[in-house]
Amino acid sequence: MIAPHGGKLVNRVLTGEGLSEGLCEAETLPKVPVDYDTGRDVQNIARGVFSPVEGFPTSEEFRAVVEDCRLPSGVAWTIPLLLDVPSRELVLPGRRYCLVWDGQPDRPLALLDVTDVYPWDKQRAAASVFRTTDEAHPGVAGYYARHDWLVGGTITLLDNDRGPFHAHNRFPAETRALFEERGWATICAFQTRNVPHAGHEDLQKTVLGLVDGLFIQPIIGKKKKGDFTDEVILAAYDVLIAEYFVPERVLLNILPTEMRYAGPKEAIMHAIMRKNYGCTHIIIGRDHAGVGNYYGEEDAIEIFRDFPDLEIQPITIRGDFWYCRRCQRVASNRTCPHGEEHQISFSGTRIRQMILDGQAPPPEIMRPEVYEAIRRFPNPFVE
């Protein structure tokens with residue numbers, strides 16, 4: 001099986017007697033509240049999703065990631081994890097604190113051993129990660145809204161709750177064990193933040209002709225307005241897999257983190273995380289993790305040339321896709337010679353509008369069972 005990123009699968013989750021002792025200690029420590037998305041980053045660090053990282057970056061690690069897209073050790077890393085605080089006096093280097101969920105001061109999340117507290121240049125960081133400083137970009141706006149001080153230090157997890165989608169939330173050590181149990185040597189990850197249409201299904205089944213197993217992993221977390229909600233995405237995939245896939249060849253498992261919309265650099269992070277889950281390949285398509293017109297259509301594909309040491313292999317899908325009535329199949333500008341009059345578009349905007357209007361997309365675009373799963377929800381979109 002492919003090695004975890006950096007050669008080590010991190011496990012900083014307290015259990016048993018250690019957890020009891022940690023919870024007792026947490027009661028005596030000063031508390032630092034963190035929001036929901038930061039809290040899930042904490043959980044992902046502890047569970048090994050972000051291996052080899054064991055906490056939030058020090059100033060040296062932050063600089064290395066922003067300037068070189070690597071950790072000081074030389075291991076590839078393109079987006080820094082952030083724990084921000086409003087005041088330098090709130091936390092002190094060399095001290096231990098208890099992270100708690102924002103608004104729930106009596107619900108301890110993790111122990112934090114602070115190494116470093118430092119100011120950061122938000123504009124410079126945004127320019128590096130998102131390739132723009134435009135506040136209209138949701139990721140840039142998120143950076144500018146953060147506090148002025150960052151905290152570096154290791155974490156030890158106390159709250160290992162799997163969340164509302166616990167049945168689909170296997171941790172990296174667990175997916176790796178399941179892949180071994182199934183005898184999968186090659187596993188391809190499919191990253192998504194959308195419900196499946198026929199183009200996705202065609203691509204997924206094509207890839208299943210190349211590898212032992214398909215790992216469908218929707219992002220479950222904060223998204224931009226107009227994206228499909230988490231519940232809808234999972235319901236749509238549940239029915240698609242049950243009706244149209246060989247279940248022994250597919251695993252649906254969530255990735256509980258926020259979308260950062262960092263385009264090419266987020267594509268690399270998506271690959272690193274899936275490598276930690278045990279995947280040997282990942283599908284990288286046009287405008288992967290993009291938003292608006294901030295990135296070239298194939299930038300997320302081309303960036304993998306800068307990281308030949310990544311080990312997980314991208315399966316790159318180029319071109320625009322549609323359903324061609326003449327070809328009677330999913331086609332692209334690389335495979336189909338027919339004109340627009342024969343094409344049915346996979347436009348996400350069009351599909352969303354049809355669903356809003358209560359109109360079923362054509363079966364060439366979306367399975368009727370998938371549409372029925374979606375329309376059971378009064379509002380399937382993020383508001």
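The values are calculated or read from the model by the stated rules, or taken from the named source; none is laboratory data. These figures come from a predicted structure and were not determined experimentally. Note that each Cβ is placed from the backbone with ideal geometry, even for glycine, and that neighbours are counted across all protein chains shown.
Can you work out which of the residues in the range 346-363 that are over 11 Å from H197 (Cα atoms) and surrounded by 13 or more Cβ atoms within 10 Å (Cβ to Cβ) is nearest to the chain's Cα centre (by Cα)? Selected residue: R352.
Please work out if R96 is surrounded by fewer than 20 Cβ atoms within 10 Å (Cβ to Cβ) and in contact (Cβ under 8 Å) with a residue 24 or more places away in the chain. First the steps, then the outcome.
Working: surrounded by fewer than 20 Cβ atoms within 10 Å (Cβ to Cβ): yes; in contact (Cβ under 8 Å) with a residue 24 or more places away in the chain: yes.
Yes.
Return a yes/no flag: does the range 11-33 have any residue that is assigned to a helix (DSSP H, G or I) and closer than 23 Å to V129 by Cβ. No.
Please report, ordered by residue number, the helices (runs of 4 or more DSSP H) entirely within the range 127-245 with at least 1 residues that are in the same structural domain as M354 (by TED's automatic domain parsing) and of a type outside the set (A, V, I, L, M).
Details: elements: 138-144, 172-182, 198-207, 230-244.
In the range 127-245, 172-182, 198-207, 230-244 are the helices (runs of 4 or more DSSP H) which contain 1 or more residues that are in the same structural domain as M354 (by TED's automatic domain parsing) and of a type outside the set (A, V, I, L, M).
Against the conditions (1) charged (D, E, K, R); (2) over 30 Å from E369 (Cβ atoms); (3) free of Cβ contacts under 8 Å to residues at least 12 places away in the same chain, R162 satisfies every one except (2). Report whether or not P361 is assigned by TED's automatic domain parsing to the domain that holds L234 and either in contact with a Cys (Cβ under 9 Å, 6 or more places away or on another chain) or farther than 23 Å from K223 by Cβ (or both). Here the answer is no, as P361 does not meet what is asked. Highlighted here are the helices (runs of 4 or more DSSP H) found entirely within the range 294-383 that include at least 3 residues which are farther than 30 Å from G74 by Cα and in contact with a helix residue (DSSP H, G or I) (Cβ under 6 Å, 6 or more places away or on another chain): 368-375.
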